[in-house]
Ligand code: GLP
């Protein structure tokens, strides 16, 4: 795992955006895996700036989002489809039909078939070239809560009370946070060719330390990223503050040869 720690969340988000821009310029049909939550907001702002000011072209890009709340329609202000429209899609030239966010309105026995079709669509698109991830304070990725199988595929999950509480700021009322979600599985995420894990703030420090330096365990689903060959962690100082080897990671990054930079 390449660990990149900078003081400023803007600066570290801009680095992730720069790598995404490099990928999209080299491969205009790139498939991006996208995440929601407060963490990727700065990254999306920078992608929008790159599109508007530097002509970064998303017209042939395809996207797949990690997850969605069951029961929320696309026009619900807390739905992840709404989040993506407002914070990225409507500001760039991505083709609406090439953006995929799981539907929150599939119900009952249809969910398993719908999830299998979501997986098939990812395969048909050629697989995910670069997946953006945030991390839950309990170490979850997507909505793969602790105890999720590390081989899991897209499916329905039940949120923990802690995750529901963490997500209350996005809802009018804490009771409105759904209990159920559709999420790409840990195994699905691990098939992305490159992964950017973003983490900001001291609330993420324990999860990041466990994910990067702890044992690989389903109790911390993000820890499985240690098994992926091309993961970059983009963290600010508070999120990285509990990493035992943070001085080493800083030295490696500060002394990176220019030819390795992106
Ligand atoms: C939710 C999302 C995750 C996200 C996490 C952290 O659980 N499903 O994809 O990483 O929240 O959210 P935030 O970035 O707001 O801290």
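Values in this text are rule-based calculations from the coordinates and carry no lab data. Bear in mind the structure is a predicted one, so any value in this text is a computation, not a measurement. No Cβ is skipped: glycine too gets one built from the backbone with ideal geometry, and neighbour counts run over all protein chains shown.
By count of other Cβ within 10 Å, fewest leading, how are 190, 1 ordered?
On the way: 190 19, 1 16.
So the residues, fewest neighbours to most, are 1, 190.
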Beta bridges per DSSP with both ends in the chain, % antiparallel, nearest 5: 30
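For every helix of n ≥ 4 consecutive DSSP H residues, a contribution of -39,500 (n - 2.57) applies; sum these over the chain, divide by its total residues, and give [θ] at 222 nm rounded to the nearest 500 deg cm²/dmol. Provide the component values of the computation, followed by the final result.
Details: 9 runs with 88 residues, N = 262.
One gets -10000 deg cm²/dmol as the mean residue ellipticity at 222 nm.
Once you keep just the Cα pairs under 8 angstrom separated by 6 or more residues, what percentage relative contact order results for the chain? Could the numbers behind the result be given before it?
On the way: 524 pairs, mean separation 65.2, N = 262.
For the chain, the relative contact order is 25 percent.
Just rank 70, 216, fewest to most, by other beta-carbon atoms within 10 angstrom. Numbers along the way, then the final one.
Details: 70 19, 216 15.
Ranking 70, 216 by Cβ neighbours within 10 Å, fewest first, gives 216, 70.
Can you put 45, 157, 204, 256 in order, fewest other beta carbons within 10 Å first?
Details: 45 17, 157 22, 204 25, 256 13.
Fewest-to-most ranking of 45, 157, 204, 256: 256, 45, 157, 204.
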In whole percent, the Cα-Cα distances of the stretch 57-103 spread across 5 Å bins from 0 upward as 5, 24, 32, 23, 11, 4, 0
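Would you work out if the stretch 1-129 is rounded, prolate or oblate? Take a ≥ b ≥ c from the square roots of the eigenvalues of the alpha-carbon gyration tensor; rounded if a/c is under 1.5, else prolate when a/b is larger than b/c, oblate otherwise.
Working: a/c = 1.79, a/b = 1.53, b/c = 1.17.
Note, shape of the stretch 1-129 comes out prolate.
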The equivalent-ellipsoid semi-axes of the chain, taken as the square roots of five times the Cα gyration tensor eigenvalues and listed largest first in whole Å, are 26, 23, 17
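When a/c reaches 1.5 or more, the comparison of a/b and b/c decides; with that in mind, is the stretch 102-199 rounded, prolate or oblate per its Cα gyration tensor?
Values: a/c = 1.97, a/b = 1.28, b/c = 1.54.
Note, shape of the stretch 102-199 comes out oblate.
Determine the percent antiparallel among the DSSP beta bridges restricted to the stretch 87-222, to the nearest 5. The partial results should precede the final answer.
Working: 6 of 10 bridges.
If we restrict to bridges inside the stretch 87-222, about 60 percent are antiparallel.
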Rounded to the nearest Å, what's the spacing between the alpha carbon centres of the stretch 224-243 and the stretch 21-40? Just the number, please. 18
